[in-house]
Amino acid sequence: MPPKPPTQFLDAPRGNGGNTLERQATGLWEASIEHATRLIAAALTRCPEERNAQESPTAAAAGVEPAIQLFVLPPSSEAYTSFCADVNNKNAGGGFGGSFAKSAGDIGGAAYAAVPLMRNDASASGHGGSQTPVGTLLVVLDEPHPWSKADEAVVRDVAALLAIDLELHQELADHLIAEEALHEKALRDSLTGVPNSTLFLDRLAHAFERGRRHKDFRFAVLALDLDRFQSINNSLGREAGNEVLTVIARRLESCVRGEDMIARSGGDEFAILLESLSDDSDGSRVAERMQQSISAPIETSDGEVYTSASIGIVLSSSGLTTPAKMLQEAGIAMSRAKHAGRNRYEMFDSAMHARALARLRMETDLRHAVERSEFELFYQPLITLESGRITELEALLRWRHPTRGLIPPLDFIPLAEETGLIVPIGQWVLARACADMVGWQERFPRTAPLAISVNLSPRQFAQQNFVKSVAGTVAAAGLDPHTLKLEITESFAIAEPARTRELLTELRALGIQIYLDDFGTGYSSLGYLHQLPLDGIKIDRSFVMQMDSGPLYRQLVNTVRDLAMNIGVIAIAEGVENESQLATLREMGCSSAQGYLFSRPVPVSEIEVLLGNDPRW
């Protein structure tokens, strides 16, 4: 008889054979088949007296164990039993057994037995139940064999045992399939279906190993972030946002080859691994292709939307560190692309890393500065042009770093805004400025009390109970709210028009006045400006400082002054540096002025000297 082919498993799990559960299931089933083969062979050898007269008396007397092969086949459409003593007999198998006779003959067998493997299905009541065929046991002998009643009983008993083992094997197989499905799900993003960060880093680690073994192997990592995606979520809802992410994932997949990988690293961010690059410019070409694909309109259930992407690229040729480090570097380059204007890509370089490291150190120091009270206020006076006297001070934040000295606001305010640290810092500024002004109003009394102006951050404005917090701070300091001026910028004012008007109205109801700072540098419409509850407009210094250069800037300043008069607010000119500018502003009828002609921003000790001298201009 030819060598025995592998036993056929029903619904055998697919895999590479490395799974522990798969190896256990396969081993148990093979052991069951071997055990069943031995049982049948021993039974056929032990019972010669029960053999049919046609059996070879020599073999029976000698107790020779016949050569036996066992196969488990899929269940037949009819559950039936067939025993055949000689497949060469023209009537072998008869009826349904003909196919089994042919199968046995094809593998060199001379006799066979076919018995269904039945699973007992308990009834709903728990008593009795039906049977369902789950397979067929085919026993093939290498010589003709007349099957006795005892032989048939043994085969049936073995089939019953194998049916139980087969059911166990199937349960193990199902468990394995479920385990593999869970493993696959754990490595895939449930929304877009692309790999997640865990699978991406694993694949990137393989690229690293390949790059270390083969110096000519080039790859690149791209970090991609959708620009202004939050506005889609906020305006159309999360469901529309999810639709956009799914479309973007498909578009990104269309931009790369099969050997590359697209992964969703979180939120609206994707990571891309490009392997086997021909040269370093391939990464840039793919980034451009992705940006072009993303820029096309996206249809959602709530309408058509547009978006763009900022991409950071890091090349393996820049030096291999670790997979996580390379992904971080791509993220640094992506952040650089966002800060440079969005809808662009940036290549990572060592200088970029140095800037990112310096920024991280600055953020850490900034957090410590809040805890260690390293901030202080400088003050710059505002002059009422009618009297020439100081009538108001603007509070300006400074950071006295323990090792770097005095840090100018432009070096840390943007970072404080981005990290949200501006909220506690802004609360401190307001409280400190109000307390200082209460003391100065007592020390330097005027017919009209000195006033204090404080700049507001959009982050502060967005806080819950903002107006209530301001009112509490002013009350705690004991400051008359009519002597407090809060300054907002144009871009700040038009970000959320309805909310801005509502909160400014509530602040003015407390007696607090509102200034629009740096007017002329933003994009607010004049119609909207008229709707804001304002008390003053501060003309940007860039206009005032250039009034001496020609009539254009003088006309611009005069136009803003006329606008302020028409909407019923005062005009304050910033950036006054010489007597000529001061004289021009007086001629125009500006209410107040501020600039280096009067004083630079100075610390508390120096502003107190200036207030005590009470100069006139």
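The values are calculated or read from the model by the stated rules, or taken from the named source; none is laboratory data. Here the structure is a predicted model, which means the values were calculated and not measured. Virtual Cβ from ideal backbone geometry, glycine too; neighbours counted across all protein chains shown. These accessible areas exclude ligands, DNA and RNA; they are computed on the full protein's heavy atoms, side chains included. Shrake-Rupley method; radii C 1.70, N 1.55, O 1.52, S 1.80 Å.
Taking a sphere under 10 Å around the Cβ of Phe412 and counting the other residues whose Cβ falls inside, with K and R at +1 and D and E at -1, yields a net charge of -3. Here Cα extents along the principal axes in Å was calculated from the structure, and among (1) 83, 67, 47; (2) 138, 63, 47; (3) 99, 88, 68 it sits at label (2).
Arrange the residues Lys215, Lys338, Lys485 by how much accessible surface each exposes, largest first, with a 1.4 angstrom probe. Show your work: numbers first, answer last.
Values: Lys215 170, Lys338 50, Lys485 20 Å².
The residues order as Lys215, Lys338, Lys485, largest area first.
Only aspartates and glutamates eight or more places from Lys215 in sequence, or on another chain, were considered; those with a Cα closer than 16 Å are Glu275, Asp279, Asp280.
Compute the helix-to-body angle for 197-213: its Cα long axis versus the longest principal axis of the chain, expressed 0 to 90° and rounded to tens. Compared with the principal axis, the helix lies near 80 degrees.
Provide the gained length on full extension for the span Arg359 to Ser254, in nm with one decimal, where the gain is 0.36 nm per separating residue minus the Cα-Cα distance. Could you put the intermediate results ahead of the total?
Working: separation 105, 0.36 × 105 = 37.80 nm, distance 3.59 nm.
Additional length available on full extension: 34.2 nm.
At a Förster radius of 45 Å, what calculated FRET efficiency corresponds to the Cβ-Cβ distance of Asn465 and Lys325, to the nearest 0.05? The pair Asn465/Lys325 has a calculated efficiency of 0.60.
Principal-axis analysis of the Cα atoms of the chain puts helix 323-339 at an angle of about 40° to the longest axis.
Angle of helix 20-46 to the longest C-alpha principal axis of the chain, folded into 0 to 90 degrees and rounded to 10: 10°. Approximating the spin labels as points 7 Å out from Cα along Cα→Cβ, the Arg499-to-Val609 distance works out to 4.5 nm.
Please give the FRET efficiency for Glu577 paired with Arg404, using the beta carbon to beta carbon distance and R0 = 35 Å, rounded to the nearest 0.05. Could the numbers behind the result be given before it?
Values: r = 28 Å, r/R0 = 0.81.
In this case the efficiency is close to 0.80.
Stretched out straight at 0.36 nm per residue, the stretch from Ala42 to Tyr306 would grow longer than its current Cα-Cα span by 87.3 nm. Of the trypsin sites (Lys or Arg not before Pro) found in the stretch 379-479, those that fall in a DSSP loop while having at most 16 other beta-carbon atoms within 10 Å are Arg404, Arg446. Ligands, DNA and RNA left out, the accessible area of the chain computed with a 1.4 Å probe is 51% carbon and sulfur. A 1.4 Å probe run over the protein chains yields, for the chain, 49 Å² of accessible area per residue, whole-number rounding. Here r is the Cβ-Cβ distance between Arg285 and Glu171 and R0 is 35 Å; the resulting FRET efficiency, rounded to 0.05, is 0.10. Report, by chain and number, residues whose modeled amide H sits under 5 Å from the one on Ser265, excluding near sequence neighbours (fewer than 5 apart, same chain). It is Phe270, Ala271, by chain and number.
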